[in-house]
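Any read-out appearing in this document is the output of simple, stated calculations on the displayed coordinates, not a laboratory observation. This structure is a prediction, so every number in the text was calculated from the model and none was measured. Glycine also receives a Cβ, built like all others from the backbone with ideal geometry; neighbour counts cover every protein chain displayed.
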Amino acid sequence: MHIRFITTGGTIDKVYFDELSQFEVGESVLEHVLREGLVQFDWDVVPVMKKDSLEIRDTDRRVLRDYIANDDASHYVITHGTDTMPETAEVLQSLKGRTIVMTGALTPARFRTTDAMFNVGMAVAAVQTLDPGVYITMSGQVFRAGEVRKNREENRFELI
C-alpha cells in the first residue's frame with residue numbers, strides 16, 4: 001500500500017524562536033518521523049501549506065480538497081493544526097473513494113515530550129484499516145469527520 005502524507009503546518013511542525021519568544025511553523029518533521037520509525041510501506045510527503053490552523057481559511061481548505069480530488073492516491077494522512085482540524089475534515093467529506101486520516105499534535109514534534117509520533121503512528125494504522133471516508137485520529141482515538149470537536153479548555157478531541 002502507498003500512503004501519501006500531506007503536510008499543512010500546525011503545532012506538529014512548530015519551532016520555538018528564542019529571540020522572538022514565540023512559536024512559528026517550521027519545516028515538517030514528518031519525513032524524519034517516518035524514517036526514524038523504520039516504516040515498511042511505500043510513502044511520499046507532499047507539503048501543501050505551512051500554516052497555523054488558526055490561519056487556514058476556506059480558500060486554503062478548497063486548495064487542499066482540490067489537490068486530493070485531482071490526485072491519484074487513495075490513502076492519505078494529513079498533518080494539520082488541531083484548532084481547525086474538524087472544519088477542514090468536514091470540507092474533505094465531499095471526496096469519495098479515498099481514505100483520509102487527519103492528525104496533528106498538541107505539543108510540537110521537536111519537544112522531548114510530545115504526542116506527535118504516537119498520533120502519526122495511529123494515523124498510519126488507521127488509514128490502512130478504515131473504510132473510505134474522512135477521519136481524525138488524536139490521543140489514541142479515531143473520530144469520523146463531522147462528529148468531533150476540539151475542546152480547547154480540556155485540550156482534547158471529543159465526540160459532539
One residue is enough: does the stretch 121-134 have a residue meeting the conditions of a type in the set (Asp, Glu), part of a loop (DSSP other than H, G, I, E, B) and within 12 Å of the chain's Cα centre (by Cα)? no
Can we say Ala105 is part of a helix (DSSP H, G or I) and either of a type in the set (A, V, I, L, M) or farther than 18 Å from Val45 by Cβ (or both)? no
State all residues of the stretch 61-94 that are surrounded by fewer than 19 Cβ atoms within 10 Å (Cβ to Cβ) and either assigned to a loop (DSSP other than H, G, I, E, B) or acidic (Asp, Glu) (or both); if no residue qualifies, say none. Asp66, Asn70, Asp71, Asp72, Ala73, Ser74, Asp83, Glu87, Glu90, Gln93, Ser94
Looking for something touching a strand residue (DSSP E or B) at 6+ places or on another chain (Cβ under 9 Å) and either exposed (fewer than 14 other Cβ atoms within 10 Å of the Cβ) or free of Cβ contacts under 8 Å to residues at least 24 places away in the same chain (or both) - is there at least one such residue anywhere in the stretch 45-54? no
Return the residue satisfying two criteria in turn: it lies in the stretch 95-124 and is surrounded by fewer than 19 Cβ atoms within 10 Å (Cβ to Cβ) and in contact (Cβ under 8 Å) with a residue 60 or more places away in the chain, and of such residues it is farthest from Arg152 (Cα to Cα). Gly121
